[in-house]
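What follows is a single structure, written as structure tokens, with notes after it.
Where a number appears in this text, it was derived from the coordinates with a stated rule and is not lab data. The shown structure was predicted, so the numbers you read here are calculated from the model rather than taken from an experiment. Here Cβ is always computed from backbone atoms with ideal geometry, including for glycine, and neighbour counts include all displayed protein chains.
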Amino acid sequence: MKKIQLIFTGGTIMSLQKQEGLNVDGQTKYMLLEKALCPEENFEIASPFCKLSENFTLDDVFCLYQQVLSCQKKDVKGIIILHGTDSLACTAPYLALMLQKCKKKIVLVSSNFPLDNPAANGVENFKAALKIIEDDRFTPAVYVAYKNPCDNFLSVHYASRLPEPLSLSDCFYAQQNRLAAKIEGDKISFISPLPTLTRHKFKLEGTFKKRCLQISSHTGLDYQIFSACNFDYALQTLYHSGTANALAENDSHSALWFANECKKMGKELFFCNIQRAENYYATTNLLAKKQATMLYNILPNVALAKVNIAQNFIATKKERDRFLSSNIAGEILD
């Protein structure tokens, strides 16, 4: 009987209440298996590091990616990654995009509360991950299993489409309900299959060394504050209509001004949070005329992962552009 690979990284699902507050405790891995009534001998266990997910760096994400790569070569049924909820939507797209075509099913599992809290959803999420790995109808891909406290079903997200959680909430809602599946008891309903993905295999080499300046659009934003920043490229999340201030090129409140500054500095500029459409606002059309890359139909957190991977792991601009425009793991929501 093939075992399932468990990778413990920390997070709330591995935390207990301590004197300093909630913090990770390595012994909780056994608590999870006990509460889920799963014998330890059914699993291969690895723990590359153990920390709260808000303390993750891109070096940790790369370490986890390498761990998963090595586990894919092992004779295991599938891979379950225990992860914190705070940066779940940050890590998930990196794994989906960097692994490209998965050889095994990979499921990220987290918990909204520590496992010793009766309100915690961690055990339920973990049991769902086991179902995903055992069910042959799920194809090899990177998934996230998560039960929103207010829902009567458990959501199975594609990692390439996992949104940031709602503000002041621990709920994750798929954009336009593009879930992979819903699990209600023993019933699994498949919702949204992935589109045809690129066949091109991108060669990824390097580490996360280059730095991205991430900008969120807001009223009163003055781009001049970034003049002294030491960055290699920039990504701006536009307003929900795919717009930003584009009133005047000589005003530092305008994205047009910032685009010109990036061009002078030889820094690439990317815009995200914009849907493909027949008609755009005049401001969007002005932005599109600049020497910047528009990342259409992709969630902002996923766009950040995709840009960082392209800039750090792909050698030539031609291949980087191809990577950014290709649908690697279903992240482009056409």
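Observations, loosely collected:
- Between segment 101-130 and segment 144-198, the Cα center-to-center distance that results, in Å: 13
- Inter-label distance for residue 315 and residue 169, nm, one decimal - labels placed 7 Å from Cα along Cα-to-Cβ: 4.6
- Loop-resident sites, segment 1-70, for trypsin sites (Lys or Arg not before Pro), counting at most 14 other Cβ within 10 Å (DSSP): 2
- Magnitude of the charge dipole, the chain, Cβ model with Lys/Arg +1 and Asp/Glu -1, debye to 20: 1320
- Distance between the 7 Å Cα→Cβ label points at residue 49 and residue 227: 3.6 nm.
- Between 0 and 90°, nearest 10: helix 300-313 axis offset from the chain longest Cα axis: 80
- Chymotrypsin sites (Phe, Trp or Tyr not before Pro) within segment 35-137, DSSP loop, no more than 16 other Cβ atoms inside 10 Å: 49
- Inter-label distance, nm, simple model (7 Å from Cα along the C-beta direction), residue 119/residue 264: 5.2
- Label assignment, semi-axes √(5λ) of the Cα gyration tensor in Å derived from the structure, set [x] 29, 24, 21; [y] 56, 20, 16; [z] 36, 21, 20: [z]
- Between helix 255-265 and the chain: long-axis angle, C-alpha atoms, 0 to 90°, nearest 10: 90
- Karplus-based coupling profile of segment 88-102, in residue order and whole Hz: 4, 6, 8, 6, 3, x, 4, 5, 4, 7, 6, 7, 6, 8, 6, with θ = phi - 60° in 6.51 cos²θ - 1.76 cosθ + 1.60 and x standing for Gly or Pro.
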